[in-house]
1. Could you state the orientation-averaged shadow area of the convex hull built on the Cα atoms of the range 20-113, in nm² to one decimal?
2. So, by mean Cβ neighbours within 10 angstrom, what's the order for 80-91, 57-68 with the highest one leading?
3. Note down the net charge around ALA181, summing +1 for each Lys or Arg and -1 for each Asp or Glu among other residues with Cβ under 15 Å from its Cβ.
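Values in this text are rule-based calculations from the coordinates and carry no lab data. Quantities reported herein were computed from a predicted structural model and do not represent experimental measurements. Here Cβ is always computed from backbone atoms with ideal geometry, including for glycine, and neighbour counts include all displayed protein chains.
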Amino acid sequence: MVANPKYIFMPRNVHAFLSPEMVDLSNIYQPDINICLVERNVDSTLEAFVNRLLLTKKEVSVVENLEPATFDFFKLIPHAGDLPGYRTFCRDVARLAIIFSDLFDLKRVGLRLRTMDHPMCPRFHVDSVTCRLVCTYGGVGTEWLESAYVDRSKLGKRSAGFTDEQSGLILDPNALYIMPAYAVGLLDIFPK
């Protein structure tokens with residue numbers, strides 16, 4: 001857990017903002033911030049539910065374009081509805097969707113929940129969204145790299161088939177971070 005909010009300084013006026021407080025996600029609006037990361041204390045009921053869900057070996061694949069104010073989050077994963085902690089999980093997902101929609105004044109948000117046995121995006125890339133909220137429930141968290149350590153000219157197909165490390169996309173391999181499971185990250189896709 002991060003004790004106090006702080007900047008991680010990186011060259012080229014790009015920073016990550018780390019905090020234990022959800023309210024600090026609003027720092028994503030600062031011109032020199034491209035990621036806000038909130039490490040949270042994990043609710044034991046939530047963690048126990050996720051562990052049980054993963055043990056069921058049943059795939060979770062939910063993709064919704066929803067209005068957080070009216071969506072019934074308790075119908076997210078019907079096959080898991082009887083597992084202890086399901087409602088706690090659904091309330092947590094709802095809370096994150098509401099925070100995201102409030103932060104960006106959105107009526108609708110895209111929500112994706114998936115169980116995975118391999119990286120969803122094995123390479124660093126740029127999305128077609130301005131900002132993405134990421135939370136990994138259990139397992140290995142999301143890798144992230146600050147903009148200051150990315151050669152954006154080498155993103156995607158411009159890497160000539162080389163890995164991110166071989167292509168020169170990652171300017172410093174020591175600058176790779178892994179967001180802990182259950183942490184909440186806002187990733188500013190287009191640097192300001």
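1. The Cα convex hull of the range 20-113, projected and averaged over all directions, gives 6.7 nm².
2. Values: 80-91: 16.0, 57-68: 12.6.
For the peptides 80-91, 57-68, the packing ranking is 80-91, 57-68.
3. On the way: positive: ARG40, ARG114; negative: GLU39, ASP43, GLU47, ASP92, GLU143.
Residues near ALA181 contribute -3 overall.
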